[in-house]
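Remarks on the structure that follows.
The values are calculated or read from the model by the stated rules, or taken from the named source; none is laboratory data. Please read these numbers as outputs of a predicted model, since none were measured by experiment. Here the Cβ is made from the backbone with ideal geometry for all residues, glycine too, and neighbour counts use every protein chain on show. Heads up: the accessible areas ignore ligands, DNA and RNA and are worked out on the full protein's heavy atoms, side chains in. Shrake-Rupley method; radii C 1.70, N 1.55, O 1.52, S 1.80 Å.
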Amino acid sequence: MTLTTSLSLAGRVSFALLLSAAFSLSASAQSLLDKAKSQEPLVAGIANEQPYGYIGPDGKATGANIEVLRAVLKPLGITKIDTPIVDFGALVPGLAAKRFDVIGAGLFINHSRCQVIGFSNPVTRSGGAFIVKKGNPLNLHSLKDVAANKRARLGTQNGTNQIQEAKDSGIDAGSGVVFDKDTEALAALKANRIDAVYFPDAEIISLLKKEPDPSVERALPFQQIPDAQGNPSYNYHAFGLPRNDPEFISAFNVQLAKLRASGDLLKILQKYGYTANELPPENIQASQICATHS
């Protein structure tokens, strides 16, 4: 083989590798907006939890997040949505691994998640809440109350912000129990395995409505975790989106803002027990929250 032939072959191999890399880069950079052109269904992972995203009595996906998602995606030309059910703790890893396209469950924006996935701008804001036994026998009205009472055991959900909030409030790891589903936590409370269920207020309201039982109640009043200025702090719900798809994130946020400005966002949310108080300030964006270390 001559030197000229060798160089020619090397050149062809290099060109093939570059061409392959170019195709790979093009494929990875493809936006979810192309779903509208291909008519492929968008895949939205949900955790089958009310009021966010769940399977209704008719076997179809419904919930506040699902209705908002459909309203946002329709103007983008995306009308077909598949909703696989996964454990809540598998949502973020699943989106990062591209097992689905977006997260349609109730997901808080926080700094650590922002390192793995993208987010829409906030849809609602949420505080925390407790469910306790009737009469609140341990007088638990805040995470600090749980931390101060060595007998108190707190139940919350695997993979949620509430775990870190409990830790930050001084609750010992041995005093906390995590569950895959909110219904499992409620069952543990009724069975005296824990003394308080800690979830976002919207989920607490929905859970008590879904499984009414006179032996348990919402702990009122409830003291929210204070922020750095000592004011009640809130978490912000949003849709989990592909981190490397800024075109889709931008288009999604434009439609979400239009939905809010028209009043239709609040109308959808009100069907699931939300009020105007649960709407976040209009100037708060996901990028601001992502930039704040938790």
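Could you give the dipole magnitude of the chain about its Cα centre, charging the beta-carbon of Lys and Arg +1 and that of Asp and Glu -1, in debye to the nearest 20?
180
Assuming R0 = 35 Å, what is the FRET efficiency of GLN255 and THR183, from their Cβ-Cβ distance, to the nearest 0.05?
So the FRET efficiency works out to roughly 0.60.
Anything over 25 Å Cα to Cα? Flag those among LYS134/LYS267; LYS181/LYS209; LYS144/LYS271, in the order listed.
Among LYS134/LYS267; LYS181/LYS209; LYS144/LYS271, the Cα-Cα distance tops 25 Å for LYS134/LYS267; LYS144/LYS271.
How much FRET efficiency would the formula 1/(1 + (r/R0)^6) give for ALA276 and ARG151, where r is the Cβ-Cβ distance and R0 is 41 Å, rounded to 0.05?
The computed FRET efficiency comes out at 0.55.
Quick one: length gained pulling ALA228 to SER262 fully straight, 0.36 nm per residue minus the C-alpha distance?
Here the answer is 8.9 nm.
With r as the distance between the Cβ atoms of ARG193 and ASP213 and R0 = 22 Å, compute the FRET efficiency 1/(1 + (r/R0)^6) and round to 0.05.
E between ASP213 and ARG193, to the nearest 0.05, is 0.90.
Give the carbon-plus-sulfur fraction of the accessible surface of the stretch 187-229 in %, rounded to a whole number; probe 1.4 Å, heavy atoms of protein chains only.
Within the stretch 187-229, the accessible surface is 54 percent carbon and sulfur.
Looking at (1) 21.5; (2) 20.9; (3) 23.0, which value of Kirkwood radius over Cα pairs in Å comes from a calculation on the structure shown?
Answer by label: (2).
Show which aspartates and glutamates lie in cross-link reach of LYS167 when reach means a straight Cα distance below 20 angstrom and same-chain residues fewer than eight apart are skipped.
Partners found: ASP145, ASP180, ASP182, ASP195, ASP201, ASP227.
Give the aspartates and glutamates whose C-alpha is closer than 15 Å to that of LYS35, dropping any in the same chain fewer than 8 places away, or say none.
Hits, sequence-local ones excluded: ASP82, ASP101, ASP245, GLU247.
Rolling a 1.4 Å sphere over the protein heavy atoms, what is the accessible area per residue of the stretch 123-218, to the nearest Å²?
44
Which one, ALA61, ALA261, ALA188, has the greatest fluctuation when you compute a Gaussian network model over the chain with C-alpha springs under 10 angstrom?
Answer for the Gaussian network model of the chain: ALA261.
Which number do you get for Rg(Cα) / (2.2 N^0.38 Å) in the stretch 50-177?
Taking the Cα Rg and dividing by 2.2 N^0.38 Å, one obtains 1.26.
Picking from ASN235, PRO93, PHE130, whose Cα lies most toward the positive end of the charge dipole for the chain (charges on Cβ: Lys, Arg +1; Asp, Glu -1)?
PRO93
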